[in-house]
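Trainee: This is the structure I want to talk about, given as structure tokens.
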Amino acid sequence: MPSSQRLLRLLECAVLFGLVPGLIDLRALGGVFLPLLLSVMAVMAVLLWRDPTFDNAQFGNLQGLRDERWRILTLWIPSALAMMALTVILDQIPSTPSQVQLFALPRSNPALWVMIMLFYPLFSVYPQELVFRAWFFHRYEEALGGAWPTILIGGALFGWAHILFENWVAVVLCIPGGILFGYTYHRSRSLLASGAEHALYGDWVFTVGLGWLFYSGSVVS
């Protein structure tokens with residue numbers, strides 16, 4: 001890649017994944033945030049689909065999920081226990097919102113919990129994976145200098161993107177999550193694999209009691 005093109009790609013990355021999340025105000029966007037995310041995903045999906053250098057099989061690739069499923073589950077189990085412990089710890093801090101309690105959502109609103117379990121992977125996880133994994137790797141991996149810089153920087157920017165929820169827990173938790181999902185995508189080149197992993201962690205976050213920190217209502221007024 002010529003140095004001038006590399007510089008432009010890095011600048012594009014900095015603007016889209018660094019500057020834009022810092023400027024987004026969920027209180028101003030209100031209910032249009034999800035349609036906005038889906039619209040961005042749709043544009044990037046079309047651009048990737050029409051790009052002859054992108055393997056469209058990566059939009060699915062069931063074999064990639066099959067190859068990674070046991071590693072994904074093996075890593076998820078201790079992580080799930082750690083998130084339970086974190087929920088209990090945060091619940092003991094006086095300044096923590098009352099919504100952050102162990103299994104608060106399934107206990108208080110099981111119908112909403114079931115809806116999130118079903119629809120969150122489709123309307124939030126997959127769009128995020130397409131943007132932060134398929135687009136990010138295809139567009140910036142060469143400019144960033146290879147797989148591991150892309151995995152690490154992409155993970156950090158994935159965490160930074162959650163600054164729009166205006167709490168440090170969401171940002172801190174999503175950095176290792178982004179690195180993990182990026183590693184899975186790099187190994188599998190499958191959005192089904194990285195998306196299934198993301199959905200496992202995301203659905204558990206809402207189940208265990210941390211979900212309020214990843215919801216637009218969590219912003220401080």
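The values are calculated or read from the model by the stated rules, or taken from the named source; none is laboratory data. Since this is a predicted model, take the numbers as computed values, not measurements. With ideal geometry, Cβ positions are generated from the backbone for all residues, glycine too; neighbour counts draw on all protein chains shown. Quick note on the areas: whole protein, heavy atoms, side chains included, nothing else; ligands and nucleic acids left out. Shrake-Rupley method; radii C 1.70, N 1.55, O 1.52, S 1.80 Å.
Trainee: Can you name the condition, by its number, that Gly209 falls short on among (1) buried (at least 18 other Cβ atoms within 10 Å of the Cβ); (2) at negative phi; (3) not acidic (Asp, Glu)?
Mentor: All conditions are met except number (2).
Trainee: Can you pull out every residue in the range 15-29 that is within 20 Å of the chain's Cα centre (by Cα) and not aromatic (Phe, Trp, Tyr)? It would help to see each step written out before you state the result.
Mentor: Going through the range 15-29, the residues within 20 Å of the chain's Cα centre (by Cα) turn out to be 15-26, 29.
Of everything in the range 15-29, those that are within 20 Å of the chain's Cα centre (by Cα) and not aromatic (Phe, Trp, Tyr) turn out to be Val15, Leu16, Gly18, Leu19, Val20, Pro21, Gly22, Leu23, Ile24, Asp25, Leu26, Leu29.
Trainee: May I pose another question? If we keep just the residues of the range 122-143 that are out of contact with any Phe, Trp or Tyr (no Cβ under 6 Å at 6 or more places or on another chain) and open to solvent by 30 Å² or more (accessible area, probe 1.4 Å), which is farthest from Asn61 (Cα to Cα)? Write out each step before concluding.
Mentor: So the first thing to find is which residues in the range 122-143 are out of contact with any Phe, Trp or Tyr (no Cβ under 6 Å at 6 or more places or on another chain), and the list is 122-131, 134-137, 139-143.
Retained after the next criterion (residues that are open to solvent by 30 Å² or more (accessible area, probe 1.4 Å)): 122-123, 126, 139, 141-142.
Details: Leu122: 16, Phe123: 19, Tyr126: 13, Arg139: 19, Glu141: 20, Glu142: 22 Å.
Going through the qualifying residues, I end up with Glu142.
Trainee: Assuming Gln99 fulfils every condition listed in (1) free of Cβ contacts under 8 Å to residues at least 24 places away in the same chain; (2) open to solvent by 70 Å² or more (accessible area, probe 1.4 Å); (3) more than 20 Å from Ser194 (Cβ to Cβ) apart from one, which condition is it?
Mentor: Looking at each condition in turn, Gln99 falls short on (1).
Trainee: Is it the case that the range 71-82 has a residue that's at pLDDT 95 or above, surrounded by 12 or more Cβ atoms within 10 Å (Cβ to Cβ), within 20 Å of Trp212 (Cα to Cα) and not hydrophobic (A, V, I, L, M, F, W, C)?
Mentor: Yes, the range 71-82 contains at least one residue that is at pLDDT 95 or above, surrounded by 12 or more Cβ atoms within 10 Å (Cβ to Cβ), within 20 Å of Trp212 (Cα to Cα) and not hydrophobic (A, V, I, L, M, F, W, C).
Trainee: In addition: Six or more apart or on different chains, Cβ atoms under 7 Å: show the pairs whose first residue is in the range 33-54 and of a type in the set (Val, Ile, Thr) and whose second is part of a helix (DSSP H, G or I).
Mentor: Val40/Val131
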